[in-house]
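Asker: Before anything else, here's the structure in question.
The values are calculated or read from the model by the stated rules, or taken from the named source; none is laboratory data. On a predicted model such as this, the values are computed, not experimentally measured, just so you know. All Cβ positions, even for glycine, are placed from backbone atoms using ideal geometry, and neighbour counts span all protein chains on display.
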Amino acid sequence: MSSVWDDVVGQAFAIEQLASAADVGPVHAYLFVGPPGSTKFQAARAFAARVISGGDDPDQRDARLALRGEHPDVREVQRAGASISAEQAREIVRVSSLAPTESARKVLILDEFHLLRPEGAALMLKTIEEPPESTMFVICADFVPHELITISSRCARIDFRSIADGVIAARLLTEGVGPVEAQAASKAALGDLDRARLLATDPGLAARRAAFLAAPTTIDGSGAVAMRLAAELLALIDEAGEPLAARQETEADELTARIKEFGERGSGKKQLEDRHKREIRRQRTDELRAGLATMAATYRDTLTAGTAPSIDAAASAVRRIHDALDSLERNPNERLLLENLLWSLPTA
């Protein structure tokens with residue numbers, strides 16, 4: 001039997017907590033914390049659907065609309081720029097004060113809230129702490145930064161975990177992905193179901209993994225080789241974006257058709273364009289993250305096998321790669337990052 005929770009994958013404990021909360025009566029604010037691709041946003045929609053509809057049937061009208069992000073009393077807020085600005089925070093406060101249109105309760109789903117600017121957090125604290133009786137917040141964040149600690153203390157926290165490889169593979173199989181592709185994609189996705197779905201349709205996955213694995217054995221300490229390898233790896237990452245670009249093109253074409261029929265007002269065109277930009281940035285960062293993790297594994301394997309020319313050099317290489325991984329949070333220049341890293345690494 002289908003359920004509003006069907007798209008929440010590998011999060012049995014979170015579902016149990018949320019279903020119980022919906023049965024006994026939800027509190028005013030929830031904070032869903034977990035890594036990208038852990039289906040916490042799908043859980044936010046499912047929870048809203050359960051609260052608004054009062055049941056578990058995904059085909060019931062209110063639940064169906066909430067699950068698609070189209071219910072008038074379930075408002076979804078995505079960041080408009082690199083972060084959630086004070087202007088957006090003011091708009092959230094304003095919308096939270098409005099009465100529901102159709103239901104007894106209005107649900108505000110705030111996505112990527114770890115990117116809320118400090119001034120926005122100050123503006124929203126009082127509202128999240130004491131919203132109107134008919135308003136419920138569901139806040140999604142990859143982690144809880146310092147700016148969110150006070151807001152976090154006003155919410156019921158639900159934790160989401162990275163999804164196990166086997167669970168991702170099983171889900172991909174139910175979605176029509178072949179066994180070999182499902183296994184490879186689930187292993188490379190690092191617990192992220194969204195990324196696994198993209199990788200499952202990506203014929204270049206094996207070639208990219210092989211290229212990053214081979215990089216530590218190819219570098220020779222020269223700038224010329226580092227620059228050549230960086231260019232080759234980035235070209236492979238460019239190719240990896242093709243499945244995402246194809247999906248985005250389909251979404252844009254569908255929106256264009258709806259605009260022609262119903263008009264552009266309220267179509268969500270700007271939101272779709274902004275989401276596509278975020279998806280491209282995240283896809284590239286995920287590819288770099290996976291590639292660098294693969295390079296680090298090459299050096300660790302030489303340490304484990306006792307074949308590293310120098311234990312200190314291999315250990316230092318792993319540290320340098322992890323430093324580069326940490327720097328991805330600051331959106332560095334990809335080419336310079338890779339060139340500098342490859343130039344500094346020893347031959348494995």
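Asker: Can you name the residue in the range 34-45 that is touching a helix residue (DSSP H, G or I) at 6+ places or on another chain (Cβ under 7 Å) and under 12 Å from GLN11 (Cβ atoms) and, of all such residues, is modelled with the lowest pLDDT?
Answerer: This residue is GLY37.
Asker: Being of a type outside the set (Lys, Arg), surrounded by 13 or more Cβ atoms within 10 Å (Cβ to Cβ), touching a Pro at 6+ places or on another chain (Cβ under 8 Å) and under 30 Å from ARG75 (Cα atoms) narrows it down to one residue among GLY268, GLY191; which is it?
Answerer: Residue meeting the stated conditions: GLY191.
Asker: Now for a different question. Which members of the range 310-348 meet the condition of being under 26 Å from the mean Cα position of the chain (by Cα) and small (Gly, Ala, Ser)?
Answerer: ALA324, SER327
Asker: Restricting attention to the range 65-74, does a residue exist that is touching a His at 6+ places or on another chain (Cβ under 6 Å) and without any contact (Cβ under 8 Å) to a residue 40 or more places away in the chain?
Answerer: Checked against the condition, which is being touching a His at 6+ places or on another chain (Cβ under 6 Å) and without any contact (Cβ under 8 Å) to a residue 40 or more places away in the chain, the range 65-74 yields at least one hit.
Asker: Please find, within the range 197-214, the residue that is nearest to the chain's Cα centre (by Cα) out of those that are surrounded by 21 or more Cβ atoms within 10 Å (Cβ to Cβ) and over 23 Å from THR174 (Cα atoms).
Answerer: Here the residue is ARG208.
Asker: Would you be able to say whether some residue in the range 131-143 is part of a loop (DSSP other than H, G, I, E, B) and in contact with a Phe, Trp or Tyr (Cβ under 8 Å, 6 or more places away or on another chain)?
Answerer: Checked the range 131-143: at least one residue is part of a loop (DSSP other than H, G, I, E, B) and in contact with a Phe, Trp or Tyr (Cβ under 8 Å, 6 or more places away or on another chain).
Asker: What residue, of ARG228, ARG197, ARG282, is closer than 29 Å to LEU338 by Cα and touching a residue at least 40 places away in the same chain (Cβ under 8 Å)?
Answerer: ARG282
Asker: Of the residues THR302, THR298, THR285, only one is in a helix (DSSP H, G or I), at pLDDT below 95, under 24 Å from PRO35 (Cα atoms) and β-branched (Val, Ile, Thr); which?
Answerer: THR285
Asker: Between residues in the range 310-339 that are free of Cβ contacts under 8 Å to residues at least 12 places away in the same chain and part of a helix (DSSP H, G or I) and residues that are surrounded by 16 or more Cβ atoms within 10 Å (Cβ to Cβ) and of a type in the set (A, V, I, L, M, F, W, C), which pairs lie under 8 Å by C-beta distance while being six or more apart or on different chains?
Answerer: SER327/LEU337
Asker: Could you list, in sequence order, all residues of the range 1-17 that are surrounded by 17 or more Cβ atoms within 10 Å (Cβ to Cβ), assigned to a helix (DSSP H, G or I) and out of contact with any strand residue (DSSP E or B) (no Cβ under 9 Å at 6 or more places or on another chain)?
Answerer: ILE15
Asker: Restricting the search to the range 272-328, which residues are surrounded by 15 or more Cβ atoms within 10 Å (Cβ to Cβ), of a type in the set (Asp, Glu) and over 24 Å from LEU198 (Cα atoms)?
Answerer: Listed by number, the list holds a single entry, ASP301.
Asker: Go through (1) in contact with a helix residue (DSSP H, G or I) (Cβ under 6 Å, 6 or more places away or on another chain); (2) assigned by TED's automatic domain parsing to the domain that holds ASP142; (3) buried (at least 21 other Cβ atoms within 10 Å of the Cβ); (4) under 30 Å from ALA170 (Cβ atoms) and name the single condition GLN60 misses.
Answerer: (3)
Asker: So, PRO100, is that one out of contact with any strand residue (DSSP E or B) (no Cβ under 9 Å at 6 or more places or on another chain) and assigned to a loop (DSSP other than H, G, I, E, B) or not?
Answerer: Answer is no for this residue.
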